[in-house]
1. Select from the range 49-95 the residues that are within 16 Å of the ligand (Cβ to nearest atom) and aliphatic (A, V, I, L, M) and list them in ascending order.
2. Of all residues in the range 120-143, which are in contact with a Gly (Cβ under 8 Å, 6 or more places away or on another chain), hydrophobic (A, V, I, L, M, F, W, C) and within 16 Å of the ligand (Cβ to nearest atom)?
3. Please work out if Val176 is buried (at least 16 other Cβ atoms within 10 Å of the Cβ), modelled with pLDDT of 95 or more, within 15 Å of the ligand (Cβ to nearest atom) and over 28 Å from His37 (Cβ atoms).
4. Kindly indicate whether any position in the range 2-9 is aliphatic (A, V, I, L, M), more than 19 Å from the chain's Cα centre (by Cα) and not in a helix (DSSP H, G or I).
5. Quick one: which of Asp113, Asp117, Asp103 is away from the ligand (no atom under 13 Å from the Cβ), among the charged types (D, E, K, R) and open to solvent by less than 20 Å² (accessible area, probe 1.4 Å)?
6. Under 7 Å between Cβ atoms, which residue pairs at least 6 apart in sequence (or on different chains) link something in the range 142-154 that is in the same structural domain as Phe100 (by TED's automatic domain parsing) with a partner that is in a loop (DSSP other than H, G, I, E, B) and surrounded by 21 or more Cβ atoms within 10 Å (Cβ to Cβ)?
7. Scan Leu124, Leu142, Leu150 and give me the residue that is of a type in the set (A, V, I, L, M) and under 24 Å from Gln174 (Cα atoms).
8. If I ask for residues that are over 15 Å from Leu143 (Cβ atoms) and open to solvent by 40 Å² or more (accessible area, probe 1.4 Å), which ones from the range 49-68 would you list?
Amino acid sequence: MDGKALMAARYGNALPTTGVPLTPVMELMMQHRSVRHYTEQPLPEGALETLIAAGQSGATSSNMQPISVIAVTDPDRKKRFSEAASGQSFVAEAPVILCFALDQSRPARIGADKGEDLWALPLLDNFLAGATDAAIFAQNVLLAAQSMGLGGCYIGNFRNDPEFMARELSLPSQAVVLFGMALGYEAEPQTGIRPRLPQSVVLHHEHYSTDVETTALQDYDAIFAEHEVAQGRPETTWTDRHKARYANRDYLSGRINLRAILGRMGFPLS
Ligand SMILES: Cc1cc2nc3c(=O)[nH]c(=O)nc-3n(C[C@H](O)[C@H](O)[C@H](O)COP(=O)(O)O)c2cc1C
């Protein structure tokens, strides 16, 4: 697909006016699709370490690097992970699952070694900084994997039961899996590029504005519903999906108790 076709796939007919042609890196980004069907083919030898190098190359708040990644290939463990992640079959199918952990146990050990009271470590601010770092790390990994012809999908459902994940991975206190990522070679059926919101509701100039929001969201609802039908999924609009996502206890699974769970795992979020 050329740049124009990629833009059309990403925005439907709500195309932004762009003045700069897509670079090869941007083209790769614009081709992003979450992949949920995998062949059994493992990653090439050494690929994992190269991908982690790409991940570690991202920016990290104050260079504190509070992230640990646990790579899981054991079929039985992946099956248990799939069950823990609301039964999503791709989690068991993918050759490798990366678990991205916010790891404050490492700084805590460093503090203990140096006899320092790292009193600010448990602050909510450092949790947010670590979660941001994890996302930057992971997205670099995913983009690097996609550049090698691999596909991937994030797994937020690992937050359904963070204590189960911690037991499975032998995580110490003050370490928690924020999300996972399945990686592998894509199998049929392939998913299409999922359209995103029009830039008129996302990009603001100088100040926030909702002037065009209502009409832009109506446009997006139509684009989104058409895409869903083309993918063989039910015809739903994007705005209608908000109820299922933000007003549904079942969707949340154990995540409704996350604050208490994190407290038990060594994250008081004070
Ligand atoms: C943090 C995070 C967690 C996610 N968790 C899941 C998940 O558990 N299962 C899943 O199928 N997709 C998951 N996704 C993928 C999103 O559903 C997907 O990115 C979104 O629908 C847009 O589709 P696209 O990635 O194909 O463009 C997750 C994405 C992110 C960023």
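The values are calculated or read from the model by the stated rules, or taken from the named source; none is laboratory data. Just so it is clear, the structure is predicted and the values come from calculations on it, not from any experiment. Cβ: placed from backbone, ideal geometry, glycine included. Neighbour counts: every protein chain shown. Protein only, heavy atoms only, side chains kept; ligands, DNA and RNA dropped before computing areas. Shrake-Rupley method; radii C 1.70, N 1.55, O 1.52, S 1.80 Å.
1. Correct list: Ile67, Val69, Val72, Ala84, Ala85, Val91, Ala92, Ala94.
2. Scanning the range 120-143 gives Ile136, Phe137, Ala138, Val141, Leu142.
3. Values: buried (at least 16 other Cβ atoms within 10 Å of the Cβ): yes; modelled with pLDDT of 95 or more: yes; within 15 Å of the ligand (Cβ to nearest atom): yes; over 28 Å from His37 (Cβ atoms): yes.
So Val176 passes the test.
4. Just the residues of the range 2-9 that are aliphatic (A, V, I, L, M), to begin with: 5-9.
If we keep only those that are more than 19 Å from the chain's Cα centre (by Cα) as well, we get 5-9.
Adding the requirement that they be not in a helix (DSSP H, G or I) leaves none.
No, there is no match, as no residue in the range 2-9 is aliphatic (A, V, I, L, M), more than 19 Å from the chain's Cα centre (by Cα) and not in a helix (DSSP H, G or I).
5. Values: Asp113 fails: open to solvent by less than 20 Å² (accessible area, probe 1.4 Å); Asp117 fails: open to solvent by less than 20 Å² (accessible area, probe 1.4 Å).
Testing whether each residue is away from the ligand (no atom under 13 Å from the Cβ), among the charged types (D, E, K, R) and open to solvent by less than 20 Å² (accessible area, probe 1.4 Å) leaves just Asp103.
6. Listed by first residue and then by second, the contacts come to Gly151/Val35; Gly152/Val35; Cys153/Val35.
7. Leu124
8. Going through the range 49-68, the residues over 15 Å from Leu143 (Cβ atoms) turn out to be 49, 60-68.
Within the range 49-68, Glu49, Ser61, Ser62, Asn63, Met64, Gln65 qualify.
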